[in-house]
1. Evaluate the following for residue 373: is it more than 21 Å from residue 295 (Cβ to Cβ) and at pLDDT 95 or above?
2. Being in a helix (DSSP H, G or I) and exposed (fewer than 14 other Cβ atoms within 10 Å of the Cβ) is the filter here; which residues of the stretch 24-49 pass it?
3. Find the helices (runs of 4 or more DSSP H) located wholly in the stretch 340-398 whose residues include 2 or more that are in contact with a His (Cβ under 7 Å, 6 or more places away or on another chain), farther than 30 Å from residue 199 by Cα and of a type in the set (Phe, Trp, Tyr), and list them.
4. Could you say which residue among 264, 307 is open to solvent by 10 Å² or more (accessible area, probe 1.4 Å), under 19 Å from the mean Cα position of the chain (by Cα) and over 25 Å from residue 241 (Cα atoms)?
5. Working only within the stretch 198-215, note down all residues that are basic (Lys, Arg) and in contact with an Asp or Glu (Cβ under 9 Å, 6 or more places away or on another chain).
6. Mind listing whichever residues of the stretch 209-224 are open to solvent by 70 Å² or more (accessible area, probe 1.4 Å) and modelled with pLDDT of 95 or more?
7. Would you be able to say whether some residue in the stretch 168-179 is away from ligand 2 (no atom under 16 Å from the Cβ), in contact with a helix residue (DSSP H, G or I) (Cβ under 9 Å, 6 or more places away or on another chain) and within 23 Å of residue 244 (Cα to Cα)?
8. In the stretch 229-240, is there at least one residue being at pLDDT below 90, of a type in the set (S, T, N, Q), within 16 Å of ligand 3 (Cβ to nearest atom) and over 15 Å from the mean Cα position of the chain (by Cα)?
Amino acid sequence: HVNDVLGHRFGDRLLQEVAKRLTQEARRSNDVVARLGGDEFAMLMPSADIALALGIAQRIQRAFERPISLDDHTVDLGAGIGIACCPAHGVEADTLVSRAELAMYAAKQHQLGVKVYDAALDMSSDESLSLLSELRTAVDRDQLRLYLQPKISLATGAVLGAEALVRWQHPQRGLVPPGKFIPFAEQTGFIRVLTGWMIERSAMVLRQLHAGAPALKISVNLSTRDLLDQDLPTKMQRLIDTLSLNPHSMCLEITESAIMDDPQRALQTLERLHAMGFKLSIDDFGTGYSSLAYLKRLPVDELKIDQSFVFNMERDLDDAKIVRSTIDLAHNLGLNVVAEGIETAKAWKLLQALGCDEAQGYFVAKPMPEALFADWIRDWTAPQVQAVRLDSDFSRLAL
Ligand code: C2E
Ligand code: MG
Ligand code: MG
């Protein structure tokens, strides 16, 4: 965050200040302070016990209660600290470091300040914690996979494109869904690497697809951290240049909450991306807190109705009404509307009747490996829903 707002040079100097404070707390002559990378530091304290380590961790926390001032800026910092002891928690350096890291993430997640490793962390239902250090190497080891889920025109039944969804092919755990690692990638900043990978991969897939179907578009999900990254538009420009990507064929999906985290900056980034030619979409619409005032100002092209309203819309009249109003709202603002989470022929038919533009959901297809998509398009025929009957309350909604 500091890098983004105050620049990398400032970020570097801040890290030096942090190192200084840490070194002051490591008072014994053979204590070692090291930087692991990013904003992560480690302290090795030979022949200390848990009590001593805890005492020092608390001193470090207090040391960071004082903001750091550099030039004219004052920055508030916080530290999440994890402790692992030898031999109680491991005897190998690797094990100790990753267990201290695990404890640190637990400390951050639950805002505990300091946390000592305990075996329950490793086995906690939230296995995602232990995936974290492995995630960092997932790109180098070629373990990320791009899946595509088709987007279809409700009016014509034609394939318009697909949404790119990441999967992690883990050597032991199999295919890990994004819900298990995206939140952690966001906390650690790894999300930028992941987003970069997704965009690059999507650009390559587009190049292959465009040989046969030049109008297809791919949508890629951006996270809050991506949006706050002031370098994002520059990075995107580089991809346009190096991969000869046509920005008109890529749509960037942003959730409402990502925008509302820092609307001012999100707006700036979005305006630059829009000016470069990228399509922009608001994902999971209806679940966040975006105010209509922002919706009006954002340079977006598309609105995706959250699946929670779509799942039951053919049975729940209130959901159906919300969907109808959202479609009207979007159209009145000149936006394209996509419904995701369409699982049944009835939902498809109702959305068609309500004038929704695009459909995405298991009723059409589940997300599939990128390599299968071209064949899938060839075999696709639009669903025949003439014989599907909607209950009268629902068909009346469309009148
Ligand atoms: P999303 O962007 O809203 O994506 C739609 C999710 O709904 C996908 O889950 C998709 O598989 C699922 N879905 C689509 N149609 C249906 C349906 O008919 N029924 C049901 N039950 N589910 C359906 P997935 O792939 O697990 O992704 C979950 C979320 O993870 C995404 O929600 C998105 O927020 C995030 N995500 C996925 N890939 C990426 C990525 O590359 N970068 C970022 N930042 N986030 C990603
Ligand atoms: Mg999405
Ligand atoms: Mg969504």
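1. Numbers: more than 21 Å from residue 295 (Cβ to Cβ): yes; at pLDDT 95 or above: yes.
So residue 373 passes the test.
2. Start the filter on the stretch 24-49 by keeping residues that are in a helix (DSSP H, G or I), which leaves 24-25.
Once the filter is applied, which keeps residues that are in a helix (DSSP H, G or I) and exposed (fewer than 14 other Cβ atoms within 10 Å of the Cβ), the stretch 24-49 yields only 24.
3. Output list is empty.
4. So the residue among 264, 307 that is open to solvent by 10 Å² or more (accessible area, probe 1.4 Å), under 19 Å from the mean Cα position of the chain (by Cα) and over 25 Å from residue 241 (Cα atoms) is 307.
5. Here is the first cut: in the stretch 198-215, the residues basic (Lys, Arg) are 201, 207.
Passing the criteria: only 201.
6. Of everything in the stretch 209-224, those that are open to solvent by 70 Å² or more (accessible area, probe 1.4 Å) and modelled with pLDDT of 95 or more turn out to be 215, 217.
7. No: zero hits.
8. No: zero hits.
The values are calculated or read from the model by the stated rules, or taken from the named source; none is laboratory data. None of these values were measured; they are calculated from a predicted model. Cβ atoms come from the backbone with ideal geometry, glycine included; neighbour counts cover every protein chain shown. To get the accessible areas, we keep the full protein, side chains included, count just its heavy atoms, and leave off ligands, DNA and RNA. Shrake-Rupley method; radii C 1.70, N 1.55, O 1.52, S 1.80 Å.
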